[in-house]
Amino acid sequence: MKTLLTPTLTMLLNLLSVVQSYRLLPRNSDLFITISSSLSRHEGRTVSRQVELHWSPDVVTTDDKIALFRQHPIDSPGVKSIFEVTHPLTSSGNYKMPVMMPYLNFSESQTLGNGSCVNLFIALVSSNGTPLAVNCLRIQSHWMSNMRNQLWDAPLNKVLIPGSHNAGAYRQFSSDKSNNLLTRYSFCQDEDVWTQLAFGIRFLDIRVGYYLNKPVPSPFYVNHDFVRIRNLLPILEDVQKFLDQTDEIVILDLHRFPSGFSRDTADDVHEQLVGILQSMFGDLMAPRYWKETVPLGQLWSSGRRLVVGYADAHMRKKYDFLWHDVVHKWADAQKLSELEEYAKRVAHNIRSSRFLSALMLSMTLPTMQMVTNPLGSVRTVADLVNRAVPQWFREIKDFRDNLNVACVDYFLGSDIVSLAIQVNDLRYPPRSDWVPPKNYTAMTTTARPVVKLDEEGARGDSSDGFFGRTLRRFVKLLDPSIEKYLRKKRK
């Protein structure tokens, strides 16, 4: 029986449809949030993780504002912004704010939802206060499997994969006392590996050292060159848990063995390490003979969603689940312009590479500057590079067409995961005719609410707004059939 809708009900349905559909612009490269890697002075103390707003001058007019909200400004009408850039046309297109993002110590269950937002929302706001476009800082735990119908036939070496340089060299900044010469140049990430994966990183650059005199929980440690950082085992456990709880594909690149793998004992030490990989990952590891051109669908349908690069040819000959270590394209550049020119050459020529290839979007600091400049650090140069990365992807066609793996330091400062999603969306448009093979069962995922931060960074759940809830309850009371109609529209 056909339901007759009065003009008032029609208006309410249309309004509710707007509330449901006009939520976020998940792939909007013109409006986004990053977390700066650099340290700044704020109210007499050194702080890290400043929120930075980014926008393109093409999307704003003279009277528009760029605003930061703690709640979605469309779902929560009347919510006040916590900061505004009132003349965005006269600004450089980015603004570092006196707002700090706390470290997210969330649990696995809170992390692995579909497209959860940290409650930091950037909005383009018109002169009359109407939000015109909204984006958020988003957790991308399932971005690859969400694009399964697009990426199923895509070769592994033709997909843009976001990576973290020195993924295991992470450390939370605490105070000036802990900010010494060693820490300034040894650490390259703020987030642990679990959080890196939850935010969408899919390539982990790891260097392994062996320390027989430190056997607990294992004698294998993550190194940055010859600096021992932390034990390797908890990092491998994070990768294992992530693969168990998602349908994502991860590349674990054991790129160097800088300490403890001496010529006399190297084989025995490598055997121990390979034994750990076998016991933890087993059939999750893809065989090397599939090669770098393996379609992502083959990795998904087989369940072998972990590619392990291993920088020892002798071990690779013995074990078919060890791939050639990913070729790192390192500029050794000390200026941003040098890095850009090198990156352009790599992006242009990368199609001829025989192996998986990673462009390392990082700079090298001169040794003398490291010793004499108390303000210099990996954080400082990462901030410089990360601001340039989105612009390079917009302006350099070879970046969008050719790059395979792109790695950065302090990855939340670059928007690298959203860039990868946008680029892959261009390379492999959605397919309406795609049907998963009969022998493939997708892992189901549940959408999660906003990951809410209070002043101390505590977590909580956020509803989708008083306005949306009230309208939905009102319509449901009027006619249950209308609620069914709304559910169909939301699908």
statement: region 161-312: relative contact order from alpha carbon pairs under 8 Å, six or more residues apart, as a whole percent, is 23
message: Going by amide H atoms built from the backbone, whose H comes under 5 Å of the H on I82, apart from near neighbours?
response: L68, F69, R70
message: Below 9 angstrom from the Cβ of D253, what's the summed charge of the other residues (Lys, Arg +1; Asp, Glu -1)?
response: -2
- request: Could you pull out the pairs from K291/K438; K96/K397; K291/K317; K344/K397; K158/K241; K291/K318 whose alpha carbons sit more than 18 Å apart here?
  value: K291/K438; K96/K397; K158/K241
- line: Here the averaged projected area of region 143-427, based on the convex hull of its alpha-carbon atoms and given in nm², is 14.8
message: How high is the relative contact order of region 143-427? Use alpha-carbon pairs under 8 Å, at least six apart in sequence, and give a whole percent.
response: 23
field: Distance histogram in 5 Å bins (all Cα pairs of region 232-324, percent per bin)
entry: 3, 13, 25, 25, 18, 11, 4, 2, 0
message: Sorted from largest to smallest, which semi-axis lengths in Å does the alpha carbon gyration tensor of region 148-243 give for its equivalent ellipsoid, taking the root of 5 times each eigenvalue?
response: 28, 17, 12
task: Apply the Karplus parameterisation 6.51 cos²θ - 1.76 cosθ + 1.60, with θ equal to phi minus 60°, to every residue of region 282-288 and state each ³J(HN,Hα) to the nearest whole Hz, in sequence, with x for glycine and proline.
output: x, 6, 6, 7, 6, x, 5
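Values in this text are rule-based calculations from the coordinates and carry no lab data. All values reported here derive from a predicted model rather than from experimental measurement. All Cβ positions, even for glycine, are placed from backbone atoms using ideal geometry, and neighbour counts span all protein chains on display.
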